[in-house]
Structure formats: structure tokens, C-alpha cells
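Step one of this worksheet: look at the structure below.
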Amino acid sequence: MARTFAWIIGTAITLAIIGWLGWLMFIRITDALEESESSRQSRAVAVEVAEVEHGTIRDIRRFTGTIRPRSEVEIAPRIAGRLKRLYVDIGDTVKRGELIAELDDEEYLQDVEAARADLLVTEAMLDEKRSAFQIAERDYERSKRLREQQIASESELDAARSRYEAEQAGVRVAEAEVTRRQAALRSAEIRLSYTRIMANWETGGEVRVVSERFAEEGATVAANTPLLSLIDLDTLRAVIFVTERDYRPLRIGMEAELTSDSNPDEIHSGRIVRMSPAFQEGSRQARVEIELPNPDHALKPGMFVRTLLELARDDDARVIPRQALLTRDDVTGVFVVDRSEMTAHFVPLTIGIRERTRVQVLEPELNGPVVVLGQHLLDDGAEISIPDEDGAEVADRSDETVISGALGRSSG
């Protein structure tokens, strides 16, 4: 009985010692875990990361400009006169060859009649001269025959020859005068035709629109004074000015996208058709013209437009957020995350196309996500933490290491 009691007492004491040792080991492990976690968190820098993506990136430049008509014609009379009729007004469409205005033609009609009368007079004078020439010619021929027969003297033959040559010269003068009067009549008729002012232009479509009107009916206008301005609305040109940096990659034929404040959601397509070879000294900018179709006449000359030009494009580019970039010792790069160690390493980059929020990485090929927030607090190889990201696997490995260390210290 005594031995049984002693065994029970010994067993109880042994279990108590084991329980005390277990509790002590638990306390030490818990303290070690808290100490390790606190130390790790105090060293790690909280950051945000983004994955490297593959996709399309474009180098797009934005410019502002003004819409101009591709073709603008000012209609002016070739002669002075009173504007009798003006058949079109602002906003009217005009076809090529259409009569659009008339000047008072009374004075020019009189000029034509006077020129025609002068021509009749000179033609009559020419007939008279020809008749006189024919008489002189016959007298000259008769004198030559009589001289051959020794009937007429030499002086009579000379006189007949002189009259013949004089009348022949008179005919030539009269013919020249008829030609001059004919030209005067044609000139008067042309001036008369100028009183009918037609809409004529050399190139472009068959229709124009009146954009401005400079004179009113009844006004006296001088020669070459504009009456109307006609523009082509079917095709317009946007004029932009670019700096030296943006000028170099531009090419004739390059596509462009344009929007206007009147309808910002509508995109108009165009292409570069002209580039000035010189920069303006004041602004250091060059003029570039973009031609765009305008079949519905939605755009009007004078409108303000925003222009997008695609200077470069890559449809299979390695792309990272632009905010990931930083410069260290004049070297541009990013911090790349090593998830196995939860560290970040600085990697220099060669940058290609740049967008507003993204950039293309040409070299090297990045393995892992990049830090996009908090990178300015990092050094190469710095420990990091990523809030709101599942790091259970890494945490489990860290906890196992801490527990093993605690058990080792307890055994010791």
C-alpha cells in the first residue's frame, strides 16, 4: 500500500514537472515569435507592386491647331464699275462657272458700239484704198506697155510706178488699221463680258460655299477689289505648330486623329500633307498642315481642334507603370521584387516608348513584379512587405524557422 502511494505521488510529481516544462516552452516560443515578427516588420518597407505586362503601347503626341479651308478663292471684278446685282450671300453654295454678280454695263456697251462703228469706217477706207490701188496697178501696167512701144516716156512710167507703190502701201496701212480696229472691238467686247462676274477656280471640287461678302448692290467697286470669298468645305486642313523635338519624327502621309470642342466625342481622321522646312524665329516652331475629309461639313474653318499624332507603336511590348521609374546616380531603373526573399533589387532599364501612365522596357527582361509605390525609401536588396497580399507561404516558412530556434534554446 505504501509502495502504491509512493508511485502515485511520484507519477503526479513527474506529470507536474512535465506540464510546467511544457508551459515554459510555450511561453518562450510565443515570446520568440512576437519578437521575430516585430523585428521583421520593423525592418521591412511597405510597398505596392505591379506586374510586368505585354501589350500595345503607342507614342502619341498631342497638339492644338486651327481649321483652315484647303482652298479659298476671292471673287473680284476685273474692271471698275457699279455693282448692279449680287446673286449670292454668305452661306450659299456656288457651282463652278455660275453667274454670281453683274456690273452696270451701259458704258461698256457704248464702247463696243463705238469700236464696231470704227471698224466699219476702217473697212470702208480699206475698200477705197483697194479700188485706188487697182486703178494705179492698171495704169502702171499700161505705162509699161507704152514704154516698151516707145510711146510713153520714162518719166511717165516712173510716175505710174510711184502711184502704184503709193496705193499699194496705202492698202497695207488700211489693212493694218482694220486689224487694229478689230482688236479694239474684241477688247471692248471682253470688257463688256467682264461685267458678268462668274465663279471660277482652277482646282478642287465643283462646289464652293460663300464664307464672306465684301460689297453691296449699288456700290462702286474698283478693279480687283474682292466681292466674295468662296471656300471648299469638303476637304479642310488643320494647321498646327510643332517644336524641334516633335518635328523630327513627323513624316508626310502620317495619320492623325482630330477632335473639336463642338463635338469632342467625334474623331476625325486626317494625314500630314505639308511640313514647313523652316522654324519661326519667335516661337521656334514649324508649321504642319493636316488634311482631313469633311463630307458632312461638321467642321468649319476657324474652329479650334486637338490633334493626336502616333509617332511610334509596338503591339508586343513589355510595359510597366510609369510611376515605377526612379533615378539613382543618374541611372534610370526600377525595383524588382524577389518574392522568395521578400526583397527588392534595383535594376537599370533601357526605356522605349513612353505614354502618360506607362513605359516600354526594352532591356533587360524583368523577372517579377516592380515596385510602384514606396521605391524611393528602398535600397538595393531591402526587405519589403506588400499590404493586402497573400503572404501565407512566406510567413509559414518564417514561423517554422522561429519555432525551430525556440525549441533549440529550450532543449539547451
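The values are calculated or read from the model by the stated rules, or taken from the named source; none is laboratory data. This is a predicted model, so every value here is computed, not measured. All Cβ positions, glycine included, derive from the backbone under ideal geometry; neighbour counts span all protein chains shown.
In segment 341-350, is there at least one residue being exposed (fewer than 14 other Cβ atoms within 10 Å of the Cβ) and polar (S, T, N, Q)? Yes: one or more hits. Does at least one position in segment 200-210 carry a residue that is surrounded by fewer than 16 Cβ atoms within 10 Å (Cβ to Cβ), of a type in the set (Asp, Glu) and in contact (Cβ under 8 Å) with a residue 60 or more places away in the chain? Yes, segment 200-210 has at least one match.
The criterion of being in a strand (DSSP E or B) and modelled with pLDDT of 80 or more does not hold for residue 185.
Enumerate the strands (runs of 3 or more DSSP E) found wholly within segment 292-373, keeping only those where 2 or more residues are under 30 Å from residue 70 (Cβ atoms) and touching a residue at least 60 places away in the same chain (Cβ under 8 Å). Break it down into steps so the answer makes sense when it comes.
On the way: elements: 304-321, 326-328, 331-338, 343-348, 350-354, 358-363, 370-373.
The strands (runs of 3 or more DSSP E) meeting that bar are 304-321.
Of the residues making up segment 224-245, not a single one is within 16 Å of the chain's Cα centre (by Cα) and at positive phi. Suppose the filter is among the small types (Gly, Ala, Ser) and within 12 Å of the chain's Cα centre (by Cα); does residue 256 pass it? Yes, satisfied.
Being in contact (Cβ under 8 Å) with a residue 40 or more places away in the chain, in a helix (DSSP H, G or I) and among the aromatic types (Phe, Trp, Tyr) is a condition met by at least one residue of segment 106-113. Residues of segment 183-198 being among the hydrophobic types (A, V, I, L, M, F, W, C), surrounded by 15 or more Cβ atoms within 10 Å (Cβ to Cβ) and closer than 21 Å to residue 220 by Cβ, which ones? Of everything in segment 183-198, those that are among the hydrophobic types (A, V, I, L, M, F, W, C), surrounded by 15 or more Cβ atoms within 10 Å (Cβ to Cβ) and closer than 21 Å to residue 220 by Cβ turn out to be 188, 192, 197.
Kindly check whether there is at least one residue in segment 121-135 that is closer than 30 Å to residue 163 by Cα, touching a Leu at 6+ places or on another chain (Cβ under 7 Å) and in a helix (DSSP H, G or I). Within segment 121-135, none of the residues are closer than 30 Å to residue 163 by Cα, touching a Leu at 6+ places or on another chain (Cβ under 7 Å) and in a helix (DSSP H, G or I). Of the listed requirements (1) closer than 23 Å to residue 62 by Cα; (2) in the same structural domain as residue 241 (by TED's automatic domain parsing), residue 296 misses just one: (1). Restricting segment 286-336 to residues that are within 15 Å of the chain's Cα centre (by Cα) and more than 30 Å from residue 206 (Cβ to Cβ), the residue that is surrounded by the most Cβ atoms within 10 Å (Cβ to Cβ) is 309.
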